[in-house]
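Undergrad: Before I ask anything, let me first share the structure, which is written out below as structure tokens.
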Amino acid sequence: MSDSAIGIFDSGLGGLTAAKELVRVLPHENVIYFGDTARVPYGNKSRSTIIRYAQQDAYFLLSRGVKMIIAACGTVSSVAAGLKDELPVPFTGVVIPTANAAVKATKNGRIGVIGTSATVNSGSYKKEILRQRKELTVFQQDCPLFVSLVENSFISEKDDIVKLVVERYLAPLKAQGIDTLILGCTHFPIISKAISEYLGDGVTLIDSGRETALYAAKILKEKGLLNKSDKQGTCRYYVSDTVEDFRKTAEIFLNRSVGDEVSHINLEQAMVR
């Protein structure tokens, strides 16, 4: 089973930042990514709908024989954490590993969290941070337009639109004197330069994709599931909407072409449970 792929899913494209980090951390692992691009975004859906979509995404990956599943989506990780108890393979979302890193990073005890509305409303990051260290202070801000900026290629820190939206959302957190900021949506690292430029060098940004990749590597090692091959692992991508749109936007996240590595699937037909 150690040569089986690691499965990653997201409501769309943001999870590609986690996939990119996973390949960097574990270059010999095979990766299967599913982006539910036909039903994106999840962040404005009801709790019951998000849970149902997450279950379908996870069971599609299981049908491909994966040895671990990563929900590389802040919304799913916040709302559907109970999925862990349903699956026959190791599972992680992004909340716990990211919160761990933020708790370790803060010096003044003031942590900011940004994410989709569903993520912020769930309070998942705040609860996990305070579970670890109850004396910390957590400030939250939903930033729904960040996803639209990234998926429409507005990503440069020099772009006036990007700068205006960043300031609009982050001004309250900056005023609170945070020294650590959780990028609680896997889209957000794409505009991390703009975020960092606005907040200044005194604020540490916590990339949920990178922290989740490191956490997944730790789990696989503990369970003896690391791929023992010395060959470069493969990546395969599946989407529930058009392949061409995915290819174009995926290049922004991965800094490379995905070419023929992408396939369209009908999730309802492909899912095996």
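Undergrad: To the nearest 20 Debye, how big is the dipole of the chain about its Cα centre, given +1 on the beta carbon of each Lys and Arg and -1 on that of each Asp and Glu?
TA: Values: 33 positive and 30 negative charges, 172 e Å.
Using only the charged Cβ atoms, the result is roughly 820 debye.
Undergrad: Here are some values of mean projected area of the Cα convex hull in nm²: (1) 17.5; (2) 13.6; (3) 22.3. Which one was computed from this structure?
TA: Matching entry in (1) 17.5; (2) 13.6; (3) 22.3: (2).
Undergrad: Which value results for Rg/Rh of segment 130-273 when Rg is the Cα radius of gyration and Rh the Kirkwood radius based on the inverse mean 1/r? It would help to have the intermediate numbers written out before the result.
TA: Details: Rg = 18.7 Å, Rh = 18.2 Å.
On the Cα set of segment 130-273, Rg over Rh gives 1.03.
Undergrad: Starting from the exponent 0.38 and prefactor 2.2 Å, build the expected Rg for segment 195-273 from its residue count and divide its actual Cα Rg by it. Can you show the working numbers first?
TA: Numbers: Rg = 17.5 Å, N = 79, 2.2 N^0.38 = 11.6 Å.
Compactness ratio reported: 1.51.
Undergrad: Measuring with a 1.4 Å probe in the full set of protein chains, what accessible area per residue, in whole Å², belongs to the chain?
TA: Details: 11920 Å² over 273 residues.
Accessible area per residue, the chain: 44 Å².
Undergrad: Using Cα atoms only, what is the angle between the long axis of helix 208-222 and the major principal axis of the chain, expressed in degrees (0 to 90) to the nearest 10?
TA: Helix 208-222 and the main axis of the chain meet at about 50 degrees.
Undergrad: Given just the C-alpha atoms of segment 97-155, how large is their convex hull per residue in cubic angstrom? Show your work: numbers first, answer last.
TA: Numbers: hull volume 5.5 nm³, N = 59.
Here the figure is 93 Å³ per residue.
Undergrad: Only Cα pairs under 8 Å and at least 6 apart count here; give the relative contact order of segment 65-136 as a rounded whole percent. Each step should come with its number before you reach the end.
TA: Working: 74 pairs, mean separation 25.1, N = 72.
Here the relative contact order equals 35 percent.
Undergrad: Still on this structure, please answer the following. Carbon-plus-sulfur fraction of the accessible area of the chain, 1.4 Å probe, in percent? Show your work: numbers first, answer last.
TA: Numbers: 5840 of 11920 Å².
Exposed carbon and sulfur together represent 49 percent of the surface.
Undergrad: Can you order the peptides 222-232, 41-51 by their average number of other Cβ atoms within 10 Å per residue, highest first? Please report the intermediate quantities before stating the final value.
TA: Working: 222-232: 12.4, 41-51: 16.6.
In decreasing order of mean packing, 222-232, 41-51 become 41-51, 222-232.
Undergrad: Would you mind computing the Rg to Rh ratio of segment 41-147 from its alpha-carbon coordinates, Kirkwood style for Rh? Intermediate values should be presented prior to the final figure.
TA: On the way: Rg = 14.6 Å, Rh = 14.6 Å.
A ratio of 1.00.
Undergrad: Using only Cα atoms, find the angle between the long axis of helix 95-105 and the longest principal axis of the chain, and express it within 0 to 90 degrees, rounded to the nearest 10.
TA: With both axes taken from Cα atoms, the answer is about 40 degrees.
Undergrad: Once Lys and Arg get +1 and Asp and Glu get -1 on their Cβ, which of VAL66, THR116, GLY224 lies farthest toward the positive end of the dipole of the chain?
TA: Positive-end residue among those listed: GLY224.
Undergrad: Okay, moving on. At a Cα cut-off below 18 Å, give the lysines reachable from LYS104, other chains included and same-chain residues fewer than 8 away excluded.
TA: Within the straight-line cut-off, LYS104 pairs with LYS126, LYS127, LYS134, LYS218.
Undergrad: Which of the lysines could a cross-linker span from LYS193 if the Cα-Cα distance has to be under 21 Å and same-chain partners fewer than 8 positions apart are dropped?
TA: LYS20, LYS158, LYS163, LYS174
Undergrad: Would you mind working out the magnitude of the charge dipole of segment 38-161 relative to its Cα centre, with +1 at each Lys and Arg C-beta and -1 at each Asp and Glu C-beta, to the nearest 20 Debye? Before the final figure, lay out each step's value.
TA: Values: 16 positive and 10 negative charges, 102 e Å.
Dipole about the Cα centre, nearest 20: 480 debye.
Undergrad: Relative contact order for the chain using alpha-carbon pairs under 8 Å, separation at least 6, rounded to a whole percent? Spell out each step's value before the answer.
TA: Working: 547 pairs, mean separation 77.1, N = 273.
It rounds to 28 percent for the chain.
Undergrad: When you count, for each residue, the other Cβ atoms within 10 Å and take the mean per peptide, how do 140-150, 183-193, 72-82, 236-246 rank with the highest first?
TA: So the order, starting with the most tightly packed, is 72-82, 183-193, 140-150, 236-246.
Undergrad: If you don't mind, another one. Please compute the contact order of segment 138-273 in relative form: average sequence separation of alpha-carbon pairs under 8 Å and at least six residues apart, divided by the residue count, as a percent. List each step's numbers first, then the result.
TA: Values: 117 pairs, mean separation 26.4, N = 136.
Reported as a whole number, the value is 19 percent.
Undergrad: Using only Cα atoms, find the angle between the long axis of helix 243-254 and the longest principal axis of the chain, and express it within 0 to 90 degrees, rounded to the nearest 10.
TA: So the inclination is approximately 50 degrees.
The values are calculated or read from the model by the stated rules, or taken from the named source; none is laboratory data. Here the structure is a predicted model, which means the values were calculated and not measured. Note that we place each Cβ from the backbone using ideal geometry, even for glycine, and neighbour counts take in every protein chain shown. Quick note on the areas: whole protein, heavy atoms, side chains included, nothing else; ligands and nucleic acids left out. Shrake-Rupley method; radii C 1.70, N 1.55, O 1.52, S 1.80 Å.
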